[in-house]
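Report on the following structure.
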Amino acid sequence: MVRVASETLNSRVPEGPVDQIWDKHRFNMKLVNPANKRKFSVIVVGTGLAGGSAAASLAELGYEVKSFCFQDSPRRAHSIAAQGGINAAKNYPNDGDSIWRLFYDTVKGGDYRAREANVYRLAQVSNSIIDQCVAQGVPFAREYGGTLANRSFGGAQVSRTFYSRGQTGQQLLLGAYQAMMRQVQLGKVQMYARREMLELIVVEGVARGIIVRNLVTGQLETHTADAVVMCTGGYGNVYYLSTNAKGCNVTAAWRCHKQGAYFANPCYTQIHPTCIPVSGDYQSKLTLMSESLRNDGRVWVPKNAGDSRTPAEIPDEDRDYYLERRYPSFGNLVPRDVASRAAKERCDAGFGVGDTNLAVYLDFRDAIKRDGEDAIRKKYGNLFHMYHKITAEDPYKVPMRIFPAVHYTMGGLWVDYHLMSNLPGLFVLGEANFSDHGANRLGASALMQGLSDGYFVLPYTIGDHLATSQLPTVPEDHPACVAALQSAKGRIDQLLSVQGTRTVDSFHRNLGQIMWDNCGMARDKAGLESAVGQIQELREQFWKNVRVLGNGESFNQSLEKAGRVADFLEFGELLAKDALHREESCGGHFREEHQTDEGEAKRNDEAFNYVAAWEYHGVGEESTLHKEPLSFDNVPPATRSYK
Amino acid sequence: MSSELINLTLRVWRQSGPDSPGQFDNYQLNGVSTHMSFLEMLDVLNEQLIESGQESVAFDHDCREGICGTCSLMINGQAHGPDTATTTCQLHMRRFNDGDTVTIEPWRATAFPIVKDLVVDRSAFDRIISSGGYVSVNTGNAPDGNAIPVAGSQQEVAMDAAACIGCGACVAACKNASAMLFVSAKVSQLAILPQGQQERSERVVSMVSQMDDEGFGSCTNTSECEAACPAEISVSNIARLNREYLRASLCGRD
């Protein structure tokens, strides 16, 4: 039985009509006097869209900012790989969009498991994000007359996605990075690259600093501040194979969790429908093909299982365009969770294509016939190029073969309306928090959320915390700092002292397989229970038999990986247990036991209309479940239908 | 596509730290699937090294889809290997033949000191961006997105320059270790767009000055940088940089 806390969590969402509360709340929050801002210091961990935009904006306001990333440069954070675009409710195409519609689509797309007030605020500030990025010189696609261009994305019937070819994340990130580097030049941001956060420092219940490892020298460093902002991304790499960068990890978030921050909805993971299929057991990561391709590509499998003809030889009457068949009104542009499960359903039923039969076709034949190859090249050239590089097949001539892959994680550290965790002084932004996407994220909404949090939410809410808290100076030799440093050092020593026979990667692959098989696109009780046992066993094996060579006082990539995998081995268990406890299907969390006759996800609003935030009590110990009840006063829950 | 297995001899630069001497070590690697990416091949090498009790080869990598600019490597003397418009992480082993010897080195440039093995320090690029590679607009100051029209054709040229991934291949490929292609890409993007006009002169002067301070070499127009660039940044940006620099020098920083 899950241990449930008696008190529900307070989200600090102000009372009032959803479209007015942010404006009113901005007035009600306390301000820090302009002259006093320089007296406050803020640590920002991570330099992706959320971290970069937060560091830049806080420094512009006058705060003293310390920014950290594990990469060799802040410009390399994984936001850079986002391809398709960023949503906003500008309604430039005059096709019926509005803030309310973006809000509605996002709440519905999240399968009614997001917090309405946060989503409304996100939709509200979405337009300012576009303005800000344009002003920074982000080269968004334009119409011939010079105005901004839009395209469509899944889960919406309006064109509200702004884009820079297939490199939108790159351009937005460079915009935020440049804004931050400007503040470095002005002396308001101190940049610490190649630093990995290993511990959170908590003083009298308030987050006041971090311990980082300098990845070049191996030195542990203590950094204290008046607030700590985590912008450390998602935990998709718990599956080993995902579209995440190799370095993406849960360590920073997990360290906060172990210090008392609640972890919310870890079972909400997004499996993206259009990725290049696995080719062999050496595979190190999976590559996404942007959702924007579904604007022009049609998804199909042969009608006859085992049809061995080449795709070009299969005439239309022998093709099953299964998304168009099942979901006539959204067709190929159904949301990601729906598209992924439909692909799995076809492959499980024996209709998959390619060497492994674990793929479906994404075909541009008709679009090329309609618009010409040049038009398609202009829209998707770099994606087609990337596909060609990886598979040695030319997608202008033969359909792409695609299969779902782990892509994004909606769960994350629990935060209130201020984006502050239950640990005062600890703010969590972007993919690292849980707040805006519910159980499924719509395409082009991650970039929107990261930048919303960093440019337009945190700069207001952090002021309220700093203005209303007692924040005595924390010297580096404070007992809490010393204890955190010892804990980080102890863990490194422990990893180095095992001296076993198995490589870190082999454990990581093993964990990934357990997660994918049992906590992937479809889950059931037996599988999840088995996963919990297997993870515990693997974790035990890891600490007995992992081999980490070299030492802690130097550049040591094996040691870096070992620390991250050790944390994934603890975190994976929580993910599986969260999935086990949530006896319903919603968004990316699909429990086999809970589906409609047509195989669609079946929510249980009576019993599970809440955020599940877990409190840590020790490795392998049962966590306590804290519930934040959700209410949908503006977008009444309905069965999501894209038919 | 069927996969073949090939055997390779790898000559890998090993260097334990910035001030230690380095040397090439040879490793025999058998049964490499031609479907593997180049970095997956190195993963396999590292697994074997660790299993035999040797420290793995350090190399930089992250996204493994050609966009983050983290991966580097001189492969048989070519930055990012033999393919055009391709980063090392996108290079696949089908490009190599059974029995090949493959020489793998780090980027070599005074301004990119070696950290370990194949890993170098490219923070000089960050300092160049810091010196002026931005539009000075604080959060909240922006007018409506469509208040700043940009002709579609102009936007395309800016985007071509903005596509730079900051990997440093241009520097590694250049016999002078010049960073002109990198610097010119950012200068061009912002000089072409209306948003960049206010700081146009100041930007180019500051960025060039920082580039020189970092110890990068001069440009002698051999265009090796363009040939090596995985993001296909054109040397026409260098011509634009020179024009921008001349313009700023003649017209002053107005």
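Bear in mind that the values in this text are calculations on the coordinates, not laboratory data. Here the structure is a predicted model, which is why all the values come from computation and not from measurement. No Cβ is skipped: glycine too gets one built from the backbone with ideal geometry, and neighbour counts run over all protein chains shown.
Brief remarks on what is shown
- Region A:583-612 versus region A:134-211: alpha-carbon centroid distance in Å: 34 Å
- Only helices enter this figure: runs of n ≥ 4 DSSP H residues, each worth -39500 (n - 2.57), summed and divided by the residues of chain A, yield -11000 deg cm²/dmol at 222 nm to the nearest 500.
- Computed from the Kirkwood radius of its Cα pairs, the Stokes-Einstein diffusion coefficient for region A:1-66 at 4 °C and 1.567 mPa s stands at 86 µm²/s.
- Residue-wise HN-Hα coupling along region A:523-530, computed from phi with Karplus coefficients 6.51, -1.76, 1.60 (Hz; x: Gly, Pro): 10, 9, 4, 4, x, 5, 5, 5
- Bridge type composition, chain B - antiparallel percent by DSSP, nearest 5: 75 percent
- Region B:133-235: trypsin sites (Lys or Arg not before Pro) in DSSP loop, at most 12 other beta carbons within 10 Å: B:LYS175
- Tensor-based shape of region A:28-155 (alpha-carbon gyration tensor, a/c under 1.5 rounded, otherwise prolate or oblate): prolate
- In terms of overall dimensions, the C-alpha atoms belonging to region A:295-363 reach 30, 22, 16 Å along their principal axes, ordered largest to smallest.
- Cα lying deepest toward the dipole's positive end in the protein assembly as shown, options A:SER128, B:GLY166, A:LEU288, charges on Cβ: A:SER128
- For chain A, the fraction of alpha-carbon pairs in successive 10 Å shells from zero, as %: 3, 17, 28, 28, 17, 6, 1, 0
- The C-alpha atoms of chain A define a longest principal axis, and helix A:99-109 lies at about 80 degrees to it.
- Fewest-first ranking of A:THR47, A:THR217, using other Cβ atoms within 10 Å as the exposure measure: A:THR217, A:THR47
- Relative pair counts by distance (%), Cα atoms of region B:174-254, 10 Å bins: 19, 51, 26, 3
- As a proxy for reagent exposure, B:SER56, A:SER128 were ordered by neighbouring Cβ count within 10 angstrom, fewest first; the result is A:SER128, B:SER56.
- Farthest positive-ward along the protein assembly as shown dipole, Cα basis, beta-carbon charges - from B:VAL57, A:ILE402, B:ALA79: B:ALA79
- Nonlocal amide H pairs with B:GLY217, under 5 Å, H built at 1.01 Å: B:SER178, B:ALA179
- Using only alpha-carbon positions in region B:45-105, the gyration tensor eigenvalues give semi-axes of 21, 16, 10 Å once each is multiplied by 5 and square-rooted (largest first).
- Between region B:1-45 and region A:494-510, the Cα center-to-center distance that results, in Å: 21 Å
- Ordering of B:223-230, A:171-178 by burial proxy (mean other Cβ atoms within 10 Å per residue, highest first): A:171-178, B:223-230
- When you work out D = kT/(6 pi eta Rh) for region A:479-629 at 37 °C and 0.692 mPa s, using the Kirkwood radius from C-alpha pairs as Rh and the Stokes-Einstein form, the result is 189 µm²/s.
- Within region B:133-254: Cβ-based charge dipole about Cα centre, in debye rounded to nearest 20 (Lys, Arg +1; Asp, Glu -1): 200 debye
- Calculated on the alpha-carbon coordinates, the convex hull of chain B measures out at 155 cubic angstrom per residue.
- The distance linking region A:230-296 with region A:11-32 is 33 Å (Cα centroid to Cα centroid, whole angstrom).
- Here region A:479-629 is treated with +1 on each Lys and Arg Cβ and -1 on each Asp and Glu Cβ, and its dipole about the Cα centre works out to around 820 debye.
- Ranked list, fewest to most other Cβ atoms within 10 Å of each Cβ, for A:GLU431, A:GLU317: A:GLU317, A:GLU431
- Under 5 Å between amide hydrogens, built in the peptide plane, is the criterion, and for A:ARG523 it picks out A:PHE590, A:ARG591, A:GLU592 among residues at least 5 positions away or on other chains.
- Remark on B:VAL102: its backbone amide H falls under 5 Å from those of B:THR9, B:LEU10, B:ARG11, a criterion applied only to residues 5 or more positions apart or on other chains, H modelled at 1.01 Å from N.
- Region A:272-406: C-alpha gyration tensor shape, a/c 1.5 cut-off, then a/b vs b/c: rounded
- Cα shape, region B:5-116, gyration tensor, a/c 1.5 rule: oblate
- Ordering of A:285-292, B:67-74 by packing [mean C-beta count within 10 Å, highest first]: B:67-74, A:285-292
- Altogether, the Stokes-Einstein calculation at 25 °C and 0.890 mPa s, with the Kirkwood radius of region A:385-523 over Cα pairs as Rh, returns a diffusion coefficient of 122 µm²/s.
- Per-residue shielding of B:152-163, expressed as the average number of other chain Cβ atoms within 10 Å of the residue Cβ, stands at 5.
- Percent antiparallel among DSSP beta bridges (both partners in the protein assembly as shown, rounded to 5): 70 percent
- Signed unit charges on C-beta, dipole axis of region A:8-57, positive-most listed residue A:TRP22, A:PHE40, A:ALA50: A:PHE40
- Dipole size of chain A about its Cα centre, with +1 on Lys/Arg Cβ and -1 on Asp/Glu Cβ: approximately 1480 debye, rounded to the nearest 20.
- Test item: A:69-77 mean partner chain Cβ contacts at 10 Å: 6
- For peptides A:100-113, A:16-29, sequence by mean Cβ density within 10 Å, most packed first: A:100-113, A:16-29
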